[in-house]
Each structure stands twice: as C-alpha cells, then as structure tokens.
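Since the structure comes first, as structure tokens, the remarks are kept for the end.
The values are calculated or read from the model by the stated rules, or taken from the named source; none is laboratory data. What you see is a predicted model; the values in this text were computed from it and never measured. Glycine also receives a Cβ, built like all others from the backbone with ideal geometry; neighbour counts cover every protein chain displayed.
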Amino acid sequence: MPPSLNEWLPEDHPARFVSELVDEMLDLTAVYASYTEASGAPPYHPRLMLKLLIYAYASGVTSSREIERRCATDVAFRFLSGNAAPDYRSISRFRRRHLETVKALFVQVLRLCGKAGLVKLGRVAIDGTKVRAAASRHKAMSYDRMVKRQTELEAEVEALLADAERTDAEEDERFGSEHRGDEIPAELARRESRLAKLRAAKEALETEAREKAAADAAERARARGENPEAQAGAAARAAEAATPRPKAQRNFTDPESRIMKMADGSFHQCFNGQVAALAGTGVIVGAQMSNVAPDVTHLLGVLDDVIKNCEATPRQAVADAGYWSEANAAGVAERDVDGYIATGRTKHSEPAAPAPRGRIPASATPKERMARKLRTKKGKAIYARRKVDVEPVIGQMKGRQNAGRVRLRGLDGASGEWLLHCLCHNVLKLHSSARPARPARLATS
C-alpha cells in the first residue's frame, strides 16, 4: 500500500489544526459566493486554498511562489494540499480575490477564541507599527523634483517626436513593406510612460493638498462660529490657493504607500499597522491599516473596531504617548471606556514623578488630569502592563509570521494582508489553547 499522508504529521501539528478549523469551524459561504461562473477550468477547491494560505502566513511564508514550492517539498503543505500542486498564480489570485472576506473570517476566528475562553473583554492595549510596503523608497519623487522633471521630460518627448517625424521616410525604407515605418521608438515610449506616471503623481499630490487645505479652512471657520456658506467659501478659497509642500513625495511603484520612519530610525515606503490586543491572552480583537504615519489619528477607529468585533465594550484601554490628544481622551470617555493614554515620553534618566495627593484642581486641563491619573498607583500598574499586553503581539507577528512587510500593493491590498496576519496570529493562539500539554512549533522544513 502507498504511504498515507495522514500518517506523516504528529497528531498535534498546527497543520492538522488549520485543516480542522477550515473544514469544520469556519463558515465559508462568502468565499463560495464569489464562484458563480461555470466557464473555464474548475478552480482548486476554496477550502484547500484557504488552508494553504492560513498555514503559510502563520508559518511566515508569504510568497506565492514559495508556497508553490512548499507544496512539493514540505510535508505539512503537501498534507494540506492533498498532494495537489496549485501554481503561484492561482495562489496569488485567490489571495487578492478574497481580501474582502478576510474581515468576516477574522471575526469568526475571534468568536472561536471567545468560546475557548481566550476573550474576556477587560483591558485592551493599542499600539501601531510601521509595515514595509512592496515598493522601494528610491522609486519616490518629491513634488519639487516632479515639477522640474516634468519640464525636462516634456522637452525630451518633443525632441524625440521631431526626430521621429524627420526620419519617417528613412524608416519606411529600412523596415520594408510589412511595417508602417512609424512605430513609436522605444526611447520615446519609455519617456512618454514616465511622463504619464509623473503627471498622475503630481496631480495626486495637488489634489491631496487642496483637500487638506479645504478641510482645515472649513474647520477653522466652524471654530469661529461662521455659517455653512461662509465655511464652504473659506474651503473653496483655501483649496484654490493650496499647493503641495516642495518635499511632499509620491511613490511610483505603490502610490498609496508613504515614506515613514521605522523603529531603527531609517525611512522606507510603509503603511501603519494598528493592533488592539487583549490583556493576558494576547488575542487581537481589533486591527486596521492606513497610510497615515502618526498614531494619534487611529485610536478611536481601532477602539470602535474592537467594540464592533466583540459586540461589547472593553472596560479599559491603554495606549502610549503617540495616541495622546484631548479629542482622543474625550472620545474614549464618550465610549464609556476608562482610558489610560500617556501624555508624553519620560527619559530613563528622569526621576519618577511622585504620586498625586489631594483633589484634582478645578483648573486642570485634560492633559494634566490624564498625567495625574497615570501617576496614581492604579494608573502606574495598568500602564506598566502595556508592554507585555501588545508589544509582544507585534513582535510575534513580525518575527514568526514575517509580518513586517506586505506583498500586496495599494491600501486595500495591504489592509487585507495585515488582517490576514492578525487572523493567523489568533489561529495560533487558538491552537495553543486547544493543545496546552504539548504546544507544537510550526514546521517550515
């Protein structure tokens, strides 16, 4: 008898758990709904492809070509694929096709974590991390450079067109009767393509500057108590006069990515991945991705995501100084959540501030009230846990799952892939809780 794939893996191997999860626990109605056409060759079964994708991302294999190779060389991948060999194009298309369904699958896995006792919505810790985009920073150009380069390219294109026009007769004779003789020269085609990309990037920066200027002007007019018509007029005038900053950049490979500063101080094309993790278990209950570098704009959105996913409100929310603003403090309180947001960074050499005593002064600002709250014995204890509640989660995802870089371009692609990483993180948590006696490491041989 030939060997059985079922005997090649230990009983508690994560690949078996992923197979059981997809076969028996997840509702794949949304995945099946996208397969409505009967034309063409039948696709690989969605369950097979989903098993491969979840296990691959959970074990740090994010390349579709590498997944294809593993289906031939890795026992766990062969077990999940049933010795089938989906090519990398099929894997890549499946991943891109079902990005919208990842959100529903993430919530389903979160519900399973709840049934396993891993989701007790007490305290959530929120943090962000810069995730490298599938684009090089060397493919970016500043607005000031775009203006100069556009003029240069336009001159070059005009010169090439004039040269092509002068040599039409010569080319007709050289290429013979089978060719028109007026084909676009390769050099001209390259320059026209670059010019089109440059114009698109320049227009995008100008549109972004106009929209921001209009929004800022309308907000200032609203703060002054002006009527809606005056606000609209102020916004229109600001938009008309707005120009991008000379150093504002746009990347030609992935225009939706942005130059961001990494933890090591280097600058790269990145997205900003946000995570809300539960204290004690490290289960991710909320996640988002954006191309806005500062964390401060994301706190309330991530908190709303937590409330929506869990259908309940956490008692406490903890975040570092990157999230501080009076609007965020007020928004957290409005959601009936006890917020602990650092108001500034403290140097290691600075002595610890003494615990506050007495009543809070009536004249204290929201920032002073929050700083006072974090200096209390309770505040110190709660905030100190942030480092062990959420930072290890991001570290595990980047170290074990290779989540420090996304492969899909565009904000939608990066967001879907980030959520897939978060889903896989929770699957690993679920697997560990299901087999506490012998936690298995993912096999990547």
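Across the stretch 372-429, what is the total count of residues that are assigned to a helix (DSSP H, G or I) and either of a type in the set (Lys, Arg) or on the phi > 0 side of the Ramachandran plot (or both)?
Let us first name the residues in the stretch 372-429 that are assigned to a helix (DSSP H, G or I), namely 372-375, 377-384, 386-389, 391-400, 411-429.
Next, only the ones that are either of a type in the set (Lys, Arg) or on the phi > 0 side of the Ramachandran plot (or both) stay: 372-373, 375, 377-378, 380, 386-387, 398, 400, 429.
Looking only at that region, the number is 11.
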Exercise. So which residues in the stretch 52-69 are buried (at least 23 other Cβ atoms within 10 Å of the Cβ) and charged (D, E, K, R), if there are any at all?
Worked result: none
Problem set entry | Residue check for THR297: over 19 Å from the mean Cα position of the chain (by Cα), β-branched (Val, Ile, Thr) and at pLDDT 90 or above | no
For this session: Could you list all residues from the stretch 274-310 that are assigned to a loop (DSSP other than H, G, I, E, B) and under 16 Å from LEU118 (Cβ atoms)?
Result: ALA279, GLY280, THR281, GLY282, VAL283
For this session: Could you please let me know if VAL75 is among the aliphatic types (A, V, I, L, M) and more than 25 Å from PHE106 (Cβ to Cβ)?
Result: yes
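For the subset of the stretch 266-279 comprising residues that are out of contact with any Leu (no Cβ under 9 Å at 6 or more places or on another chain) and over 17 Å from LYS308 (Cα atoms), which member is surrounded by the most Cβ atoms within 10 Å (Cβ to Cβ)? Outline the logic, then answer.
The initial filter retains those residues of the stretch 266-279 that are out of contact with any Leu (no Cβ under 9 Å at 6 or more places or on another chain), namely 266-270, 272-273, 275, 277, 279.
Narrowing further to those that are over 17 Å from LYS308 (Cα atoms): 266-270, 272-273, 279.
Numbers: SER266: 10, PHE267: 12, HIS268: 18, GLN269: 23, CYS270: 25, ASN272: 22, GLY273: 28, ALA279: 21.
Out of the qualifying residues, it is GLY273.
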Seminar exercise, completed: Only one of (1) in a strand (DSSP E or B); (2) in contact with a Gly (Cβ under 7 Å, 6 or more places away or on another chain) does not apply to ILE259, and that is (2)
Seminar exercise, completed: All-but-one check, MET262 against (1) within 24 Å of GLY322 (Cβ to Cβ); (2) in contact with a strand residue (DSSP E or B) (Cβ under 8 Å, 6 or more places away or on another chain); (3) modelled with pLDDT under 80, failing number (3)
Exercise. Which is more than 24 Å from CYS270 (Cβ to Cβ), modelled with pLDDT of 60 or more and surrounded by 19 or more Cβ atoms within 10 Å (Cβ to Cβ), of VAL109, VAL147, VAL131?
Worked result: VAL109
Exercise. Among ALA242, ALA235, which is closer than 30 Å to SER415 by Cβ, surrounded by 14 or more Cβ atoms within 10 Å (Cβ to Cβ) and modelled with pLDDT under 75?
Worked result: ALA242
Exercise. In the set ALA30, ALA84, which member is modelled with pLDDT under 90, surrounded by fewer than 20 Cβ atoms within 10 Å (Cβ to Cβ) and not in a helix (DSSP H, G or I)?
Worked result: ALA84
Exercise. At pLDDT 90 or above, assigned to a helix (DSSP H, G or I) and under 26 Å from LYS398 (Cα atoms) - does that describe any residue in the stretch 341-359?
Worked result: no
